[in-house]
Structures are given as structure tokens and as C-alpha cells.
Amino acid sequence: MTPNLAYNLYYSMLRIRRIEEALAKRYTEQEMRCPIHLCIGQEAIAAGVGAALLVSDKMYSNHRAHGHYLAKGGNLNAMIAELYGRASGCCGGRGGSMHMIDLGVGFMGATPIVGGTVPLAVGSAWASKLQKKTDVTVIFLGDGCFEEGVVHESLNFAALHHLPILFVCENNDFSVYTRRNERQPDRSIHQIAAAHGIKTAHGDGNDIELVFNLVNKAVEDLRMGKGPWFLEFMAYRWREHCGPDFDDHLEYRTVEEIEGGKAACPIERFEKNALAAALFSKAEIEKMERDIKTEIDQSFTFALADCKPTLEDARAYVYA
Amino acid sequence: MSTLNANTRQISYVDAIREALDQSMAQDERVIVIGEGVPDPKAIFNSTLGLQEKYGKNRVFDMPLSENGVTGACIGAAISGMRPVMIHQRIDFALLSLDQLINNAAKWHYMFNGKSSVPLVIRMIIGRGWGQGPQHSQSLQALFSLVPGLKVVMPTTAHDAKGMMVSAIKDNNPVIFLEHRWLHPIIDSVPESMYEVQLDKAKIICEGSDITIATFSYMTFEALIAARALLSIMGISVELIDMRSVRPLDSQTVIDSVKKTGRLIVADTAYKTGSIAAELISQVLEGAFESLKVAPIRVCSPDFPTPTAPSMTEEYYPTPGTIADAALKLLGKDSATNSYQELKIAITRKGMHDIPNREFKGPF
């Protein structure tokens, strides 16, 4: 790995973590009046995927989309303003945290119906193929999606038409508080994709180097018309399903499990390896922290100074 | 009663739709067509016949039996620059796609602040007759009309079917295009060249002064039979309005008519309760209550699913007779007259009730 790539991967993960932490901290002020689903602990998947894509590539996501949006290059001011329900938000205040979009960087949209954007991403890849473009589409989906019929329909359609789409499954084992083994039989998720004739790989979602390399390989294939691809990464959600807090007191998972999840922190893991390999220095990390803090502070200032949309504004755009 | 020159070419509703698809595909290479059976030998009642041969397998597709997934794929393709036309041989099948239609297609433009749009047409065919039964003959226009962001149209004539299909494909919104299967064989004057008919305006089929009858889809045809007989036999002048569009609902044209006639019947192909007929009457009451001489009447299907056996369907659907009776009631006319008997004979169709009426081939 080149120092430049290592720097970028680390920076992307660290930036997502710090932004999510800032949101968690400010959320208790009750000025962000929308549900938030933080991705703390799952940053390596977003960052690894984002780093392997071009701006012209397209991305769709779900309710837990902040990391995906940021990793694709989504505008931070527009994201924070959206969470505060402001006019300059990426949806003008209509969507909140669960509706991220930044078309300028190919972030096509995120919505909170489980599985809802999966066929849209397939359609995006279908359009690219019909238009003879070389861009690829990435869709992020969680383990819960494999209980939704539309996801199986989407895998079937993508495989049938050999579409340039990469399905990235972030398997964090939970649907809210319910474990996968209470929702699904004992079988692997990536083998479902394989059964549709889709090429698959899987691995530890805390290993950003692995994520990046697998995505890179898949994207290369997709650009040559050898799609689709499906990658499954194991992940761990540190905080509550929805909201800013830890929820250890609910005891739906053991202290040992939570501690184990945090101990596998993708940022600490990569930092340790990168420092040992002298890919970047501690001084550079300190500079990253300072730069990120400045950027975050500016974004919150921007968002809070922005005007609030009115009911009159809400009447627009029912029809194109 | 066509507003067009009777000398213009006459083709059927289904051929008009095929021509609209053909001309739209020729004009705009972003237009693609997909549906279960689109390229098969029956070609969706011939409405897609020859399209795959002409435009190729990269523009005309059969589809997996995945109504929700493929609707989502069409939405994604539409967002990404294509203009898909998706087809359901029965509207009942489209119920499997409600999540994608209501949560995504209808709201994508709105929830992302107008940043992207979904130019998508979804044809849904309403079945009737020959024992189509509970799951092959529903009229669900009111269901789709509930959803802001969807446009819902149900053209009645071949002329409007072609023009509204062309408009729907050019429109930047999701358009639900409802076709009553029994309208498919009916002919009308249809220009060969490509033309548009607006998606938000009712059409006055014939002007009249005694009573307004506003109709949706196939009920326009039934009402026309009633209106002609009411005029010729009993001298009753009907203003017949083909609504053509369900969302937006052009209630203003009906309000203007009711201000003239003071009486209103709304004839719909759907169940009565919660029907678009009910909504239309509500809007007329809000807009022209003082003009109404008598309470309006809905002529709809009964509030239970369509049965299959001919002995149960024979009196299930409202007929020209149902509409004529409603008109006479609003006008306070006596039914114990010779002219009433003559009227009933004139508008009672001959032959089996569960196949399309071959006596009327069009034009309107």
C-alpha cells in the first residue's frame, strides 16, 4: 500500500468517526429533530468502498448512510444542515438524516425503507449498461435486507442482465435489537448471492485494506462488463440502533460482546499497522484531527446560521 | 360524437397504444418497454406487437415475475436518464409493487428537494368478464389517486389513449396509465402523426342542459349509450364528461357543468365506498353546492369483490340502464311510461353479458 492511499483511507475513516461523534454530542441539544442512525464502528466499509470508486460511479444507501455519503465525497455542510432541518440541507429539510443525496459526487440517494433502494441501484446499473457507460453502481445493504423479497428480486434481475453493480452487505448481526439467528435460518448471506450466479467474496469489515482490495477487484471486473459482484463484510454497531447513545444497559448483548466489538476498532487497527509500516506519522494524525475538527466546527456553524424552510417551501416539488 | 373529422383514420384503442409506444421509441432512444409477456406471441393483447423486432432486445424486455423489484429497477433507470414504460397485464399484479410506487416513485422528486425525477409510465390493465374474478378485475384508481407525486390517468377513447400515452412518456413524473380491457377493441379517429393529449383535463363528450354525467374509463361508454337513448327517446339532454384523469382530478369542468345543469351522476368502474366518484362529488359539493337541485348519485360497482360465475356477475356491473334510471330519478321522471319501456329496450344489450359489447365498435 502506498503512503498516499494509506493516508486517504485513514483520513476517511477518522473523519467519519469524528463527524458521527460530533453529531452524537450535539444531538442531545434536541435541535436536530430527526432520527439518526450512526455508523460508529462500521467506518472501514464505507471508507474502503468510497476510496475504490470514481466520482462518476454511483452509490445508493439506506437509513445508516452518513458514512457512505461522506466516503463518496458528499458535502458535509449540506449533510449537517439537513440534520438541522435547514434550507441548505441536501434535501432542503425534507428528508433529515435518513435521506442523504449529493448528485454532484454520484451519491444518488439514501432512504429508510429496508431494501427500498436496492432495486433502484440495480436500475441505475441497468441504465449505465443500456447507455454503454463504464460507471458502476454500489448499493449498501444490511443483513436485514435478506428478509425482504425485493432484495432477492433485485439479485435475480442484476444477475440476469449481467449488470455493473456491486452489492455491499454490512452484516452487523442486528435488526434493531433482534439478532440475525432469530430472523434467519443458519445460512450464509453471501451464498444467497452466489446462488443467483453472482460472484461473491466476504471478510472482516474492520479490515479496511481487505475491504479496499476486494472492492477494487470487483469494480475492475464490473467496468469490463463482468458483473455483478456481491461482497459481505462483518461489522459491529457500537451504539444504539437509532439515536446518539450507547445502549449497553438494555442488556440485549453482553458486555463481553460489546467490548470485543470495540476492541476490533477498524481505525485503531489500521493506525497501528500503518504507523508500524511508517505509512504516515503520529504528527500527521494530529494534523488530521485538527483539520477535521475545524471542518466539523465550520459545518455546524454554517448549518445553525442557515435559514429554516417554511410550510410554503414544503409545497414545492410534488411534481417535476 | 368524436371531436375529430370522421374521415380521419380509425383504429382501435389497443392499436393506438401500440402506435404511441412505437412512435415514442422512434423519437426518443431513452424510451424502453418492459413487462411480463411484452415480447411474447400475445404481446400484451397485441399492444407491444413487433416492438422488440423493431427496437431490439436492449430496449424491449420481458421481465422476471418480480413486480416490486422491477418497478424499483425502472425507477432507478428513470433517475439515471431512461424513460421506462412498464406494463402489468392486470392491475391486480401491480399491488406487489406498491412499496416501490408509493415510497420511491411518488416521493423521489419531492423528498430530494427536486434534485432528481422519475419519468416512468406504468400501464395497468383492468380486466372484466369471462370469469376474471376477484383478483383479475379490480378497479383501483382511487388507491393510486391517494398518493401525491403520482399522476393517474384512464383514457377512454383510442384518440386519447394514444395522445395521453405520448404525453405520459414525455412527462417527468411517474404516470399510472389505467386501461380498461373492454376498451381495447373500440375504435376511434386517431391521427397517424404523433400528438399529445394533456394529462390533467376532462373532456366534454357531448354538451347538454338537463343533467351532468361525469364518467371514468369504460363507464363513459356505458353512459354514452344511456345519454343517446335518453335524448332520442325521452328528450333528456345529458352533458357527458369523460374525466380521463384521476390525479389530478379536473373537478372544475364538472363544477362548471353542474352550475348549468344542477344535477350530477358520477359513474365509476370501481367499488362505491372510497371511490374517486366519491371524491369528485365532494369537490363538486364544495364548489357548486348552491347550484345542485338534488343530491348527486354515484353509479359504481357494489362494495364486494367481483365474483366469477356468470350467474353472479350478470347483475354485478352497472349498465346503461343503471345510469338511465339514476338520471330519471334525479329528474323526477315517471318510469311507468311507454317511453321508459322503449328506453329500456334500446339500452339493454343483447347477447352474453360477460364479453365485450360487440354492438358498439366506436367511434365515440
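Computed from the coordinates by the stated procedures, all read-outs in this text should not be read as laboratory data. Here the structure is a predicted model, which means the values were calculated and not measured. Every residue, glycine as well, gets a Cβ built from its backbone with ideal geometry; the counts of neighbours run over all protein chains shown.
For the stretch A:128-224, the normalised intensity computed at q = 0.17, 0.18, 0.21, 0.24 Å⁻¹ comes to -0.82, -0.91, -1.18, -1.41 (log10 of I(q)/I(0), Debye sum over alpha carbons, equal scatterers, no solvent).
Using Cα pairs under 8 angstrom and six or more residues apart, how large is the relative contact order of the stretch B:203-347, in percent?
Averaging sequence separation for qualifying contacts and normalising by length gives 27 percent for the stretch B:203-347.
Maximal additional length on extending the residue B:40-residue B:200 stretch stands at 54.3 nm, based on 0.36 nm per residue less the C-alpha distance.
Measure out, as a whole number of angstrom, how far apart the alpha-carbon centroids of the stretch B:315-331 and the stretch B:228-301 sit. Computed from Cα coordinates, the inter-centre distance equals 13 Å.
Between A:26, A:187, A:64, the GNM of chain A built on Cα springs shorter than 10 angstrom shows A:187 fluctuating the most. Here's how it looks for residue B:152: its modeled amide H is under 5 Å from those of B:176, B:246, B:247, which are all 5 or more places away or on a different chain. Placing +1 on the Cβ of every Lys and Arg and -1 on the Cβ of every Asp and Glu, with no other charges, gives the protein assembly as shown a dipole of roughly 1380 debye about its Cα centre. Our coupling estimate for the stretch B:14-25, obtained by passing each phi through the Karplus curve with A = 6.51, B = -1.76, C = 1.60 and θ = phi - 60°, is 5, 5, 5, 5, 4, 5, 5, 5, 4, 5, 5, 5 Hz, Gly and Pro reported as x.
Quick one: longest stretch of chain B between exposed loop trypsin sites (Lys or Arg not before Pro), exposed meaning at most 13 other C-beta atoms within 10 Å and loop per DSSP? Counting only loop sites that pass the neighbour cut-off, the longest clear stretch is B:58-200. The convex hull defined by the C-alpha atoms of the stretch B:10-189 has an orientation-averaged projected area of 9.6 nm².
Once the mean of 1/r is taken over each pair of separate Cα atoms and inverted, the protein assembly as shown shows a Kirkwood hydrodynamic radius of 27.6 Å. The 3J(HN,Hα) values that the Karplus relation (6.51, -1.76, 1.60; θ = phi - 60°) gives for the stretch B:316-324 are, in residue order, 6, 7, x, 10, x, x, 4, 5, 4 Hz. Gly and Pro appear as x. May I ask which residue of A:283, B:152, A:117 lies farthest towards the positive end of the charge dipole of the protein assembly as shown, with charges of +1 (Lys, Arg) and -1 (Asp, Glu) on Cβ and the Cα centre as origin? About the Cα centre, the residue reaching furthest to the positive side is B:152.
Too long at a 32 Å Cα-Cα cut-off: which of A:217/A:262; A:129/B:42; A:129/B:203; A:308/B:201; A:199/B:162; B:151/B:260? Cα-Cα > 32 Å for A:129/B:203; A:308/B:201; A:199/B:162; rest within.
For the stretch B:203-347, what mean projected area does the convex hull of the alpha carbons give, in nm²? Across all orientations, the stretch B:203-347 yields a mean hull projection of 8.5 nm².
Between residue A:201 and residue A:181, residue separation times 0.36 nm minus the direct Cα-Cα distance comes to 5.1 nm. Give the separation of the Cα centroids, the stretch A:247-320 to the stretch A:1-33, in Å. Using only Cα atoms to place each centre, the spacing works out to 2 Å.
Looking at the protein assembly as shown, the DSSP beta bridges with both ends there are about 15 percent antiparallel. Amide H contacts of residue B:63: B:35, B:36, B:37, B:38, each under 5 Å away and 5 or more positions distant or on a separate chain (H built 1.01 Å from N in the peptide plane; Pro and chain starts excluded). From the P(r) of the stretch A:3-314, can you give the percent of Cα pairs sitting at distances over 25 Å? Everything past 25 Å amounts to 48 percent.
Dipole size of the stretch B:284-359 about its Cα centre, with +1 on Lys/Arg Cβ and -1 on Asp/Glu Cβ: approximately 200 debye, rounded to the nearest 20.
Counting other C-beta atoms within 10 Å, and keeping those with at most 13, which DSSP coil trypsin sites (Lys or Arg not before Pro) do you find in the stretch A:189-239? Could the numbers behind the result be given before it?
Working: sites: A:199, A:217, A:223, A:226, A:237, A:239; in loops: A:226, A:237, A:239.
Passing both the DSSP loop test and the Cβ count: A:226.
Listed values for the stretch A:157-165 are Karplus-derived 3J(HN,Hα) couplings in whole Hz (6.51 cos²θ - 1.76 cosθ + 1.60, θ = phi - 60°), namely 5, 4, 6, 4, 9, 6, 7, x, 10, and x replaces Gly and Pro.
Computed from Cα positions, the angle between helix B:218-234 and the longest principal axis of chain B comes to roughly 20 degrees. Computed as a quarter of the hull surface, the mean projected area of the alpha carbon convex hull for the stretch B:265-356 stands at 7.2 nm².
With a point put 7 Å past each Cα toward its Cβ, work out how far residue B:8 is from residue A:4 in nm, to one decimal. Result: 6.4 nm between the two label points. Taking 25 °C and 0.890 mPa s as conditions, chain B diffuses translationally at an estimated 118 µm²/s according to Stokes-Einstein applied to its Kirkwood radius (Cα pairs).
Return the tail of the calculated pair distribution for the stretch A:60-200, meaning the percent of Cα-Cα pairs more than 24 Å apart. For the stretch A:60-200, the share of Cα pairs beyond 24 Å comes to 35 percent. Give me the log10 of I(q) over I(0) for the stretch A:226-290 at q = 0.17, 0.21 Å⁻¹, as the Debye formula computes it from C-alpha points; what are the numbers? Rounded to two decimals, the profile gives -0.84, -0.93.
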